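Computed from the coordinates by the stated procedures, all read-outs in this text should not be read as laboratory data. All of these numbers come straight from a predicted model, not from anything done at the bench. Heads up, the Cβs are rebuilt from the backbone with ideal geometry, glycines too, and the neighbour counts pull from every protein chain shown.
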Amino acid sequence: MNWRTTITALVFVPCLVAGAAAAEVAPNDVAFGDDGVSVSLTGVQGDVEAGAAAFKDRGLGNCLACHANKDMSKDLFHGNVGPSLDGVAERYDEAMLREIVINAKQVFTSETVMPGFYSLDVGKDVVKAREGQTILSAQQVEDVVAYLGTLK
Amino acid sequence: MTKRLMTSGLALAMLLAGMVGSRADPVDDTLVIDGQEMISRAKAPEGHPFDEVLSGWLFREGETRALEVDSFENPGMLAVEEGEAIWNTVEGTAGKSCASCHDDASVSMKGIAANYPKWDADSKKPINIELQINKCRTENMGAEAYEFDKGGQRELTAFIKNQSLGVPVQLDLTQGDLQSWWEKGKDVYYTRTGQLNLSCASCHEASMGKYIRADHLSQGQVNGFPTYRLNSGLTSLHNRFRGCIRDTRAEFPKAFSDELMALETYVTWRGTGLSVETPSVRQ
């Protein structure tokens, strides 16, 4: 690498990252492809630990309410409304996991019980305080997807 | 992976599936209260999504179930006793109590609540026990209507429904326009609400028998209301409806609103044939 490309990289790469973070994909702009949602919602790599926390938190993902997960066997009372998430990263790649978290009804059927965690296609009479909001933020979705990617 | 490993993996998966299965089933037991056998499983009425309707009692843990089989153990019976006291208390400008006209509730009210909601020709709407009490209070007793969940409404409702203990639920949908309210209630039942985008059916039909955390999802039957909940005491049906809707992160309708009266009509029908269990004991 010569000095010129080094400088270019130093100047442009942070701009690109910052640019991607600023251009967070809005819930109604998510591009659902045949193979899932391949583009990160934020451009910022998901944080596995933060994802595990959001997964568990009853006010955020609350994923254990419906899914068993051996990785969290210390936490009591895993639900079984949805399938166990053991080995889920072997069944779905990152793009599919992202699509399922964003809006599972895109992947499965409209009858799916699982809420869309980054979707404004919601039920009627949403409580005022949450109108126009998604259950998880774009970065929380990325974090949860990163965590799910570790469940092999 | 060797074939052997795969086979043992498969066996493990089957074992786990089996465990999930046993965890998901309602218990094979019979509810007998003070020696009187309740109908806690009944053949579903025509047009019902299930073949069999099941009392929520079958979905509760052993300790919770045990509380309902003996009325001395049932904490909801304290409320029923309070309701009995109200029954005999004179209130209002007419100087009457419930007993002044209806005498002994164990005779006059026996089986009555099993057929509610009924059609109310005056309001041209369904009427439930709570609203029937209010109608009696305002029209016959010269007393104020109870506000929702206040002033003894839950206790008196529990007392009146308890007089039908063991009697199977049976609505007459041919009364007035009750059938169209049933239809409307069915719409409410299947309409998804709130940010979590869930309907009654998401949990109590599609996921019946499964667990949300430690909560074993029942068919959501209403034959035991007002019910004694271990975490919140005597709980009215419309309070429970509102709590469920609130949990979907939605604004919830007013108690006794058209929406919830329609839902009560429809959900009561979904429990056709089950014994009135009031006051049932649930978690």
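A few comments on the model shown:
- Shielding score for B:206-213, defined as the mean number of other chain Cβ atoms within 10 Å: 6
- Counting only DSSP beta bridges with both residues in region B:124-283, the antiparallel share comes to about 70 percent.
- The spacing between region B:117-131 and region B:27-41, judged by their C-alpha centroids, is 30 Å.
- Under conditions of 37 °C and 0.692 mPa s, region B:77-162 yields 252 µm² s⁻¹ as its translational diffusion coefficient, taking Rh as the Kirkwood radius over Cα pairs in the Stokes-Einstein equation.
- Cross-link partners for A:K70 among the lysines, with Cα-Cα distance under 29 Å and sequence neighbours closer than 8 places in the same chain left out: A:K56, A:K105, A:K152, B:K3, B:K210.
- Likely footprinting exposure, A:S40, B:S257, A:S137, B:S280, fewest C-beta neighbours within 10 Å first: B:S257, A:S137, A:S40, B:S280
- Ratio of the Cα radius of gyration of region A:31-152 to 2.2 N^0.38 Å, where N counts its residues: 1.00
- For region B:130-274, convex hull of alpha carbons as volume per residue, Å³: 128
- Panel order for A:D86, B:D28, by other beta carbons found within 10 Å of each beta carbon, from fewest to most: B:D28, A:D86.
- Evaluated at q = 0.08, 0.15 Å⁻¹, a Debye calculation over the C-alpha positions of chain B (equal weights, vacuum) places log10 I(q)/I(0) at -0.36, -1.17.
- Looking at region B:64-94, the GluC sites (Glu not before Pro) that sit in a DSSP loop and have at most 14 other Cβ atoms within 10 Å of their own Cβ are B:E73.
- Note on region B:190-283: along the principal axes its Cα atoms extend 33, 32, 26 Å, ordered by decreasing extent.
- Least to most buried among A:D57, B:D172 (fewest other Cβ within 10 Å first): B:D172, A:D57
- For chain B, the 222 nm mean residue ellipticity estimated from helices alone, with every DSSP H stretch of n ≥ 4 adding -39500 (n - 2.57) and the total spread over all residues, rounds to -11500 deg cm²/dmol.
- In the elastic network of chain B, a GNM with C-alpha springs shorter than 10 Å, the most mobile of B:C98, B:C136, B:C203 is B:C136.
- Distant alpha-carbon pairs in region B:122-197 (separation over 15 angstrom), percent: 70
- When the Gaussian network model of chain B links Cα atoms closer than 10 Å, the mean-square fluctuations of B:N162, B:N223, B:N197 top out at B:N197.
- Over 19 Å [Cα-Cα, region B:70-118], rounded percent: 41
- Highest average packing first - A:141-148, B:212-219, Cβ atoms within 10 Å: A:141-148, B:212-219
- Taken along its three principal axes, the alpha carbon spread of region A:106-152 comes to 39, 24, 12 Å, from the longest extent down to the shortest.
- Cα-Cα separations in the protein assembly as shown greater than 35 Å, expressed as whole percent: 41
- Near the amide H of B:T193, within less than 5 Å, lie the amide hydrogens of A:K124, B:L198, B:S199, all on another chain or at least 5 residues away, with H placed in the peptide plane.
- Electrostatic bookkeeping for B:R137 treats Lys and Arg as +1 and Asp and Glu as -1; over the other residues with beta carbon under 12 Å from its beta carbon, the sum is -3.
- Highest mobility in the GNM of chain A, judged by mean-square fluctuation with C-alpha springs under 10 Å and restricted to A:P115, A:P83, A:P27, is found for A:P83.
- Candidate lysines for bridging to B:K184, where Cα separation is under 20 Å - those fewer than 8 sequence places away on the same chain excluded: A:K124, B:K118, B:K124, B:K125, B:K254
- Under the combined filter of DSSP loop state and at most 15 neighbouring Cβ atoms within 10 Å, region A:93-145 retains these chymotrypsin sites (Phe, Trp or Tyr not before Pro): A:F108.
- Estimated 222 nm signal from helices in chain A, with DSSP H stretches of n ≥ 4 weighted -39500 (n - 2.57), rounded to 500: -11500 deg cm²/dmol
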